[in-house]
Amino acid sequence: MSRIGKLPIVIPAGVTVTLNNGIVNVKGPKGEMSQKVDSSIIVKIENNEVILEVDENSPVNYKQRNAFHGLYRSLINNMVVGVSEGYQKVLELVGVGYRVSNQGNIIEFSLGYTHPIFIQLPKEVKVETKSERNQNPVVILESCDKALLGLICAKIRSFRKPEPYKGKGILFKGEVIRRKSGKSASAK
């Protein structure tokens with residue numbers, strides 16, 4: 001049994017969780033999500049909690065069942081937190097001349113290349129950009145889907161990965177880059 005999988009998921013007020021043919025549906029004030037659960041995991045909804053148990057009679061091997069136990073518990077918990085509170089990621093553009101702007105869900109990056117980079121975000125993700133004087137430009141992304149938000153942040157970071165020599169690139173807010181000294185002076 002998985003230690004994570006054993007933990008019950010408390011359903012907060014305003015969130016409804018339903019189970020239908022192996023698909024868990026979660027609906028709340030921030031949105032609606034669903035997740036298909038493997039047949040080796042039994043999902044029970046009782047006393048305002050979601051409890052996951054391993055089906056010992058399942059044809060899936062022992063290690064895989066335990067791995068699924070923790071995985072699906074985490075996925076369902078992320079959905080419950082997402083539809084009730086939501087997730088937010090803040091990206092900071094560090095570099096001379098780096099700019100960002102958005103029009104709806106289309107973001108335009110100017111990152112020192114010969115051309116601007118445009119990215120179209122899905123409708124589930126809300127975006128806000130801030131460019132203040134003497135401050136690095138900031139991109140604020142919000143969504144109820146944690147996996148989708150992480151995927152989009154990874155895609156945006158891939159445009160200019162943080163580099164250790166000058167500290168330039170697209171960073172998460174508060175992220176610290178270990179700096180390298182570069183070439184050392186040669187001794188004569």
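The values are calculated or read from the model by the stated rules, or taken from the named source; none is laboratory data. For clarity, every value in this text was computed on a predicted model and none was experimentally measured. Cβ sites come from the backbone with ideal geometry, for glycine too, and all protein chains shown count toward neighbours. Note: areas computed on protein heavy atoms with side chains; ligands, DNA, RNA excluded. Shrake-Rupley method; radii C 1.70, N 1.55, O 1.52, S 1.80 Å.
Output the residue which, of all residues in region 19-30 that are open to solvent by 70 Å² or more (accessible area, probe 1.4 Å) and part of a strand (DSSP E or B), is nearest to residue 85 (Cα to Cα).
Restricting to residues being open to solvent by 70 Å² or more (accessible area, probe 1.4 Å) and part of a strand (DSSP E or B), the top hit is 27.
For region 9-18, enumerate the residues that are part of a strand (DSSP E or B) and open to solvent by less than 60 Å² (accessible area, probe 1.4 Å).
Correct list: 9, 17.
Six or more apart or on different chains, Cβ under 8 Å: which pairs go from a residue in region 153-169 that's at negative phi to one that's outside any loop (DSSP other than H, G, I, E, B) and surrounded by fewer than 14 Cβ atoms within 10 Å (Cβ to Cβ)? Could you list them?
Short answer, once both residue conditions are applied: 153/172.
Taking residue 113 as the residue in question, decide whether it is hydroxyl-bearing (Ser, Thr, Tyr), open to solvent by 40 Å² or more (accessible area, probe 1.4 Å) and touching a Leu at 6+ places or on another chain (Cβ under 9 Å).
no
Report yes if some residue within region 139-156 is out of contact with any Lys or Arg (no Cβ under 9 Å at 6 or more places or on another chain), at pLDDT 90 or above, open to solvent by 90 Å² or more (accessible area, probe 1.4 Å) and not in a helix (DSSP H, G or I); otherwise report no.
no
Could you tell me whether region 54-69 includes any residue that is aliphatic (A, V, I, L, M), in contact with a helix residue (DSSP H, G or I) (Cβ under 6 Å, 6 or more places away or on another chain) and either without any contact (Cβ under 8 Å) to a residue 24 or more places away in the chain or open to solvent by less than 70 Å² (accessible area, probe 1.4 Å) (or both)?
yes
Looking at region 129-143, which of its residues are touching a residue at least 12 places away in the same chain (Cβ under 8 Å) and either out of contact with any Asp or Glu (no Cβ under 9 Å at 6 or more places or on another chain) or within 19 Å of residue 169 (Cα to Cα) (or both)?
129, 131, 136, 137, 138, 139, 140, 141
Every residue in region 92-107 that is open to solvent by less than 70 Å² (accessible area, probe 1.4 Å) and farther than 16 Å from residue 173 by Cα, please.
Hits for region 92-107 are 97, 101, 102, 104, 105, 107.
Note down all Cβ pairs under 9 Å where the first residue falls in region 88-100 and is part of a strand (DSSP E or B), the second is acidic (Asp, Glu) and surrounded by fewer than 19 Cβ atoms within 10 Å (Cβ to Cβ), and they're at least six residues apart or on different chains.
From region 88-100, the pairs are 88/142; 89/142; 92/175; 99/108; 100/108.
Return yes or no: is residue 140 within 30 Å of residue 2 (Cα to Cα) and among the hydrophobic types (A, V, I, L, M, F, W, C)?
no
Does residue 107 satisfy the criteria of being under 24 Å from the mean Cα position of the chain (by Cα), aliphatic (A, V, I, L, M), in a strand (DSSP E or B) and under 28 Å from residue 132 (Cα atoms)?
yes
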